[in-house]
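The values are calculated or read from the model by the stated rules, or taken from the named source; none is laboratory data. Since this is a predicted model, take the numbers as computed values, not measurements. Just the protein is used for accessible areas: all its heavy atoms, side chains included, with ligands, DNA and RNA removed. Shrake-Rupley method; radii C 1.70, N 1.55, O 1.52, S 1.80 Å.
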Amino acid sequence: ISLNLEQYVSEFSAQNINGEHLLQLDGSKLKALGMTSSQDRAIIKRKLKEMKASLEKARKAQEKMEKQREKLRKKEQEQLQRRSKKTDKCLSDATEGTNEQ
């Protein structure tokens, strides 16, 4: 509708074309859905290309964030392990000092 192609809404609805299906459409599939105008198909294909690019960009950003979170988790885990080793060493030293007395 936002592309002024509302004449195709009923056919797309009848064929259960949702967002996921829409992204998989190409020129021949659009034609099979009754989109006979090459200009209308070009509008849809251009918009689909933009949407796919946006989705890919969002996917890459999500992956980047996940990698950063994982890196941070590993760093925190390493810090905890170092602290644990320090604590163990201090306890061991204290125990040795008590045994010597």
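Rolling a 1.4 angstrom probe over the protein heavy atoms, how many square angstrom per residue are accessible across the chain?
Ligands and nucleic acids excluded, the result is 85 Å² per residue.
Per residue of the chain, what 222 nm ellipticity follows from adding -39500 (n - 2.57) for every DSSP H run with n ≥ 4, rounded to the nearest 500?
Taken over the chain, the calculation gives -27000 deg cm²/dmol.
Cα to Cα, under 24 Å, and not fewer than 8 places away if on the same chain: which lysines meet these conditions relative to Lys52?
Filter leaves Lys29, Lys31, Lys60, Lys64, Lys67.
Using only the alpha-carbon atoms, how far is helix 38-100 inclined from the longest principal axis of the chain? Give it as 0 to 90 degrees, nearest 10.
For 38-100 against the chain, the angle is about 10 degrees.
In terms of modelled amide H atoms, which long-range or inter-chain residues lie less than 5 Å from the amide H of Met35?
none
Whenever you get a sec, compute what percent of the accessible area on the chain sits on carbon and sulfur atoms (1.4 Å probe).
51
Taking only the alpha-carbon positions of the chain and ignoring solvent, what does the Debye formula give for the base-10 log of I(q)/I(0) at q = 0.15, 0.17, 0.25 Å⁻¹?
Scattering profile of the chain, log10 relative to I(0): -0.76, -0.84, -1.25.
Accessible area of Arg59, 1.4 Å probe, to the nearest 10 Å²?
For Arg59, solvent-accessible area is about 100 Å².
If each residue of separation counts as 0.36 nm, what is the full-extension length gain between Met51 and Ala32 once their alpha-carbon separation is subtracted?
4.7 nm
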